[in-house]
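The values are calculated or read from the model by the stated rules, or taken from the named source; none is laboratory data. In this text, all values refer to a predicted model and were calculated from it rather than measured experimentally. Cβ placement follows ideal geometry from the backbone for every residue including glycine, while neighbour counts extend to all protein chains displayed. SASA here: full protein model, heavy atoms, side chains in, ligands and nucleic acids out. Shrake-Rupley method; radii C 1.70, N 1.55, O 1.52, S 1.80 Å.
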Amino acid sequence: MNRRRLDFLPLSSVETLKERAVLLRGLREFFDSRGFFEVQTPVLSHDVLVDRYIDPIAVPIGGETFYLQTSPEFALKRLLAAGCRQIYEITPAFRQGDRGPLHNVEFTILEWYRVGDGYQEGIALLSELARAFLPVPDGADVTWRSFGSLFRERTGVNPHGAEVEELRAAADRLAPNYPESYLNGETPASADDWIDYLFEETVQPGLGRDAPVVVCDYPVGQAQLAKVGAPLDSDGGAHEITRRFELFADGTELANGYDELTDSAILRARIAENAATRRVRGAAELPTESRLLAAMDAGLPKSSGCALGVDRLLMLRLGLKRIDDVIPFPAEIA
């Protein structure tokens, strides 16, 4: 039979699709039973997160530019500002150019927020979810570790305040296949770039092999939309950290959460910095004002939020290795 005639077939099995339905039902029950309610926000929006390296997909409609959302974060926070207190959403999200064993341009994201929660409450709720939906061996439990302690153990470098030279030396010793662009004379890699690279190459592959682990207390340069403040783990000395936490299992990043930033002036400054980095990269210009900033100006309540990759969660539950195994129609045959 002509190969083209078989392109209609899904890559995931019918049994896997049934397991996906079981997982989605279970996730909804998890949040509903804790007083959250499900909402639905636009996939297409005028607003978009201005990230240094995440490129959204622009969609021109009627002379205006919309963006397929990389996360429902902006819209969900607007709902918090309007009076919602415990909400979650399960929705498609999109990132331009993301393709690989763990990435598809379109993927499914679960995101939640609870007003009144802080850093430790956010970590605790994510840990509860990990216990409920990931395999945890008998006698083990979901644990948390600080970014700094893990980074020092593997690289010998304290990431908080580390200089480019010592980070590059660690990369030369432990993971020398870094991109040539890191040594570009005009736009060399920053300390944050080296930290990201070393973490992904030398720390992340070993995380959560025995049981899921939540990593917290990220370097200040990893802030995005999180608050900066005192660490949970002061082992690395006196320093501020980003109040950010991530869930890892079997060396795979599953979720990313924040003690959420509420100060619009700080966010505007971060957006301007990210926009400048994007210009140096030659990346597309993105709008620097948004309705989220307007909501923050009006008053965004204290909250903790988290985003989780549903496809990756299903992969780990079923012992599969590729995102293509758990979605019916990945990009090439969508």
Exercise. Restricting the search to region 294-333, which residues are more than 23 Å from Ala75 (Cβ to Cβ), open to solvent by 70 Å² or more (accessible area, probe 1.4 Å) and either touching an Asp or Glu at 6+ places or on another chain (Cβ under 7 Å) or of a type outside the set (A, V, I, L, M, F, W, C) (or both)?
Worked result: Arg317, Lys321, Arg322, Glu332
Problem set entry | Test: Gly148 is farther than 30 Å from Arg20 by Cβ, open to solvent by 60 Å² or more (accessible area, probe 1.4 Å) and in contact (Cβ under 8 Å) with a residue 24 or more places away in the chain | no
Exercise. Assigned to a helix (DSSP H, G or I) and in contact with a helix residue (DSSP H, G or I) (Cβ under 6 Å, 6 or more places away or on another chain), is that true of Leu126?
Worked result: no
Seminar exercise, completed: If we keep only residues of region 269-293 that are under 20 Å from the mean Cα position of the chain (by Cα) and closer than 16 Å to His46 by Cβ, then the residue surrounded by the most Cβ atoms within 10 Å (Cβ to Cβ) is Leu292
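Okay, residues lined up against (1) assigned to a helix (DSSP H, G or I); (2) in contact (Cβ under 8 Å) with a residue 40 or more places away in the chain:
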| site | (1), (2) |
| --- | --- |
| Gly35 | no, yes |
| Pro42 | no, no |
| Asp47 | no, yes |
| Val50 | no, yes |
| Gly83 | no, no |
| Gln96 | no, yes |
| Trp112 | no, yes |
| Glu121 | yes, yes |
Problem set entry | Residue in region 53-75 that is part of a loop (DSSP other than H, G, I, E, B), under 23 Å from Asn256 (Cβ atoms) and open to solvent by 50 Å² or more (accessible area, probe 1.4 Å) present | yes
Exercise. Picking from Ala171, Ala191, which residue would you name as being over 23 Å from Ser71 (Cα atoms), in contact with an Asp or Glu (Cβ under 9 Å, 6 or more places away or on another chain) and open to solvent by less than 10 Å² (accessible area, probe 1.4 Å)?
Worked result: Ala171
For this session: Could you list, in sequence order, all residues of region 146-170 that are under 24 Å from the mean Cα position of the chain (by Cα) and either assigned to a helix (DSSP H, G or I) or more than 18 Å from Ile241 (Cα to Cα) (or both)?
Result: Phe147, Gly148, Ser149, Leu150, Phe151, Arg152, Glu153, Arg154, Thr155, Leu167
Exercise. Of the residues in region 129-145, how many are open to solvent by 60 Å² or more (accessible area, probe 1.4 Å) and part of a loop (DSSP other than H, G, I, E, B)?
Worked result: 5
Exercise. Just a yes or no: is a residue in region 131-146 over 12 Å from Val203 (Cβ atoms), among the hydroxyl-bearing types (Ser, Thr, Tyr) and touching a Pro at 6+ places or on another chain (Cβ under 9 Å)?
Worked result: yes
Problem set entry | Count of residues meeting criterion [within 26 Å of Thr262 (Cβ to Cβ) and part of a strand (DSSP E or B)] in region 190-222 | 5
